[in-house]
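Reading through the C-alpha cells given below for one structure.
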Amino acid sequence: MAETICLIDDEPAILNTLSSILEDEGYQVLVAKSGLEALKVVRSESPDLVILDIRLVEAEENNEDGMRLLAEIRKRLSFTRVIMVTGYGTMETQRKAFRDFQAFDFFSKAQFDSEEFRKAFQEAVEQAVRDRQAWKDKEYIRGQHFENWQHDKAKSDR
C-alpha cells in the first residue's frame, strides 16, 4: 500500500504541480482546495503527510487559515506530519508553525522542485509510518501481555 499525502492549497496550479511530483515518487495523493474540504479529507483518510498552504484564501493580507488548520491536524492526528508551504511566509510565521504547532518543515512554493523538498517529504512520510507502526506494535504487545496475565490468573485461581 502506498503512503498517503494530502495536499491542501487553494491554487489549482500548485495542486497540479505538487500532485505530479508526488505521484511520480509513488505516493497516493489526496487533494483539498479549502480548509473545510481539508478537514473532511484528513479526518476520513488519516494521511501520513499533509502539505499545507498557510494562506488558503487571498481575502486579507494576514490570512493564516492554514495555521488554524495545522493546529486542528496536530490535535487530531498524532502520527500525521505536516509540511507548511507559502508564497508569502515570514520568519515569524515559520517560527509559529514550528514552536506552537510542531510543523515538520516549512518551504516556500518556489522550492517544490528542489532536492531539499523531496528529502523533507520522504523523511516526513517515513517518520509517520515508522511511528504509527511502533504504536501498533506496542498496542499488540500490551494486548498479548494482558491475555497472558488473564491466562496465568485463571490457572492460579483453579
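The values are calculated or read from the model by the stated rules, or taken from the named source; none is laboratory data. If you're wondering where the values come from, they're calculated on a predicted model, not measured in any experiment. For neighbour counting, all protein chains shown are included, and Cβ atoms are generated from backbone atoms with ideal geometry for every residue, glycine included.
Cβ separations smaller than 6 Å between residues 6+ apart or across chains give the following pairs from the stretch 115-137 residues that are within 19 Å of residue 22 (Cα to Cα) to residues that are surrounded by 15 or more Cβ atoms within 10 Å (Cβ to Cβ) and of a type in the set (Lys, Arg): 124/81; 128/81. Sub-7 Å Cβ pairs linking a first residue in the stretch 22-43 that is without any contact (Cβ under 8 Å) to a residue 40 or more places away in the chain and closer than 19 Å to residue 129 by Cβ to a second residue that is exposed (fewer than 15 other Cβ atoms within 10 Å of the Cβ) and aliphatic (A, V, I, L, M), at least 6 apart or interchain, are 26/2; 28/2, ordered by first then second residue.
Has the stretch 145-155 got any residue that is of a type in the set (Lys, Arg), more than 27 Å from residue 8 (Cα to Cα), assigned to a helix (DSSP H, G or I) and at pLDDT below 75? Taking every residue of the stretch 145-155 in turn, at least one turns out to be of a type in the set (Lys, Arg), more than 27 Å from residue 8 (Cα to Cα), assigned to a helix (DSSP H, G or I) and at pLDDT below 75.
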